[in-house]
Ligand SMILES: Nc1ncnc2c1ncn2[C@@H]1O[C@H](COP(=O)(O)OP(=O)(O)O)[C@@H](O)[C@H]1O
Ligand SMILES: [Mg+2]
């Protein structure tokens with residue numbers, strides 16, 4: 001049932017709130033040392049899934065094992081070994097940066113000099129040492145997020161769970177968080193994260209599960225998802241007057257065609273070959289973008305919706 | 001977890017410590033607010049109004065009110081912070097939210113909050129006690145037991161306030177508690193005037209509130225009129241704590257682990 005190195009195991013995992021079925025029977029297994037990501041839009045059920053894992057809400061049905069333990073019975077022992085970066089920061093605005101870390105450490109039984117050393121080490125790691133005596137409200141959004149990550153690491157967790165670690169951050173702050181997370185992944189820590197940024201999933205995750213309306217639609221390494229559910233290349237053409245040649249005229253070069261408004265997406269193996277063939281047909285696409293396919297395209301193909309609105 | 005054990009668990013004291021750390025940053029203004037205001041009322045009523053009459057069988061108004069205000073101070077400090085303070089900690093500051101992602105149990109959160117309100121009541125109550133002692137209104141060494149009773153009062157007043165702070169949907173609803181429960185309780189608590197001219201039914205209601213008993217104990221300790229009855233009043237408070245302290249835990253659990 002549960003392989004040696006499986007650290008989180010879910011089968012038919014379900015979460016129902018009063019009226020909403022947020023998670024509708026999902027299966028996944030996360031292995032030690034990997035970075036596993038849930039990619040989905042707002043309301044897909046990512047946070048509900050994370051909260052069941054970090055024992056914040058009880059599951060409605062299905063099986064769930066975290067570090068071999070059942071959250072319904074062993075929440076406290078699981079929490080002892082998890083690091084949690086929740087979607088909301090929940091930093092204590094009445095305490096300063098260092099106090100936030102020390103208090104949180106104390107809940108894990110880490111106190112005294114040991115706690116102070118650990119706090120100093122983490123503030124260095126997350127590059128916020130200069131702010132150790134600052135109140136939380138004096139920190140920028142990116143610093144707050146890094147402090148939450150530092151706090152999550154204070155108990156040397158076996159798994160770091162991050163719910164949308166960079167949502168709302170500016171690109172520079174996001175890059176800093178990505179660098180930190182990359183270092184943690186390289187150090188062998190198991191990471192579980194959710195995101196609606198395909199770039200984040202592609203950069204950080206070894207495997208990605210595409211989640212939508214409470215269901216996992218596909219799961220694979222990012223590059224494999226792209227080739228499997230999109231193609232190598234995409235040609236986006238604005239075709240308002242419908243002059244674009246039909247697929248039959250294009251020698252089967254188009255693996256898949258999607259239309260969203262006036263924009264047609266031609267998924268194909270090589271844009272240059274496709275454009276060449278079109279030129280031979282006397283069609284010179286007026287406005288077009290020739291690019292590589294991404295997870296965004298995977299998402300669009302699977303759900304008919306865009307990942308980031 | 002063992003219910004009584006929660007009071008002595010390390011995490012309960014860490015919850016307490018969190019509040020202490022936050023409080024230290026504004027301790028002086030907090031002390032001022034919690035002392036100056038009741039003290040102003042005490043002076044105005046006791047010496048201003050009290051100058052015109054004395055209470056038949058009880059002596060001067062100021063002497064009557066002095067121990068009553070110990071109960072009032074415990075009530076106000078514990079109620080305000082357990083209701084409004086805890087609401088802020090929960091809703092705006094995510095304090096409890098981060099505690100339950102760490103291995104802190106809602107029972108330990110409740111216990112930590114009770115310990116904190118016990119501390120506040122004792123601190124502010126003792127400051128008031130020092131003031132009335134300075135006015136020569138304390139007449140017995142029994143008054144040395146006041147800190148203990150202040151601590152117990154802080155806990156018993158914190159119970160309903162903490163419950164309210166965890167069940168209300170908006171902060172406006174907190175004020176219903178202040179207006180419809182706390183203020184009437186003060187009026188029938190025997191703080192400002194004796195209750196023996198009250199109708200019987202009003203006394204029954206008063207008997208059901210913790211303030212009535214706390215004030216009786218403070219009055220006996222300050223005046224040195226301790227009897228077996230005083231022990232029963234104190235027992236009432238202890239029993240109320242034992243019976244009701246865990247009622248808010250269910251609501252805390254419902255809010256923080258659903
Ligand atoms: N506590 C809750 N009570 C009721 N519905 C909820 C609650 N939390 C989430 N939901 C609903 O469950 C669905 C999934 O939400 P969530 O897990 O937060 O998704 P995501 O994190 O992917 O945005 C949404 O429709 C949301 O409105
Ligand atoms: Mg979410």
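Taking the numbered list (1) buried (at least 19 other Cβ atoms within 10 Å of the Cβ); (2) within 26 Å of the chain's Cα centre (by Cα); (3) within 11 Å of chain B (Cβ to nearest Cβ) in turn, residue A:99 passes all entries but (2). For the stretch A:161-175, filtered to residues that are farther than 26 Å from residue A:7 by Cβ and surrounded by fewer than 18 Cβ atoms within 10 Å (Cβ to Cβ), the residue that is nearest to ligand 2 (Cβ to nearest atom) is A:168. The residues of the stretch A:242-271 that are part of a helix (DSSP H, G or I) and farther than 27 Å from residue A:307 by Cβ, listed by number, are A:248, A:249, A:250.
Could you pull out the residue among B:48, B:71 that is at pLDDT below 90 and part of a helix (DSSP H, G or I)? Lay out the reasoning, then the answer.
Numbers: B:71 fails: at pLDDT below 90.
It is B:48.
Residue-wise test of (1) more than 14 Å from chain B (Cβ to nearest Cβ); (2) more than 22 Å from the chain's Cα centre (by Cα).
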residue	(1), (2)
A:7	yes, no
A:26	yes, no
A:31	yes, no
A:37	yes, no
A:48	no, no
A:56	no, no
A:61	yes, yes
A:79	no, no
A:111	no, yes
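Is it true that residue B:59 is more than 12 Å from chain A (Cβ to nearest Cβ) and surrounded by fewer than 22 Cβ atoms within 10 Å (Cβ to Cβ)? Answer is yes for this residue. Among residues that are surrounded by 12 or more Cβ atoms within 10 Å (Cβ to Cβ) and either within 14 Å of chain A (Cβ to nearest Cβ) or away from ligand 1 (no atom under 16 Å from the Cβ) (or both), residue B:254 is included. Candidates B:40, B:51: the one that is under 21 Å from the mean Cα position of the chain (by Cα) and more than 14 Å from chain A (Cβ to nearest Cβ) is B:40.
Scanning the stretch A:18-36 for residues that are within 9 Å of ligand 1 (Cβ to nearest atom) and touching a residue at least 24 places away in the same chain (Cβ under 8 Å), which turns out surrounded by the fewest Cβ atoms within 10 Å (Cβ to Cβ)? Even if it seems obvious, please write down each step before you answer.
Within the stretch A:18-36, the first condition is being within 9 Å of ligand 1 (Cβ to nearest atom), and the residues that meet it are A:18-23.
The next check asks that each one be touching a residue at least 24 places away in the same chain (Cβ under 8 Å); those that pass are A:21-23.
Values: A:21: 15, A:22: 21, A:23: 29.
The qualifying residue surrounded by the fewest Cβ atoms within 10 Å (Cβ to Cβ) is A:21.
Please tell me if residue A:75 is at the interface with chain B (Cβ under 9 Å from one of its Cβ atoms), touching a residue at least 12 places away in the same chain (Cβ under 8 Å) and in contact with a strand residue (DSSP E or B) (Cβ under 6 Å, 6 or more places away or on another chain). Spelling it out, it is not the case that residue A:75 is at the interface with chain B (Cβ under 9 Å from one of its Cβ atoms), touching a residue at least 12 places away in the same chain (Cβ under 8 Å) and in contact with a strand residue (DSSP E or B) (Cβ under 6 Å, 6 or more places away or on another chain).
Restricting attention to the stretch A:137-160, the residues that are more than 29 Å from residue A:41 (Cα to Cα), at pLDDT 95 or above and surrounded by fewer than 21 Cβ atoms within 10 Å (Cβ to Cβ) add up to 1. Being within 16 Å of ligand 2 (Cβ to nearest atom) and in contact (Cβ under 8 Å) with a residue 40 or more places away in the chain holds for only one residue in A:39, A:65, and it is A:39.
The values are calculated or read from the model by the stated rules, or taken from the named source; none is laboratory data. On a predicted model such as this, the values are computed, not experimentally measured, just so you know. Counting neighbours? That spans all protein chains shown, and the Cβs are built from the backbone with ideal geometry, glycine included.
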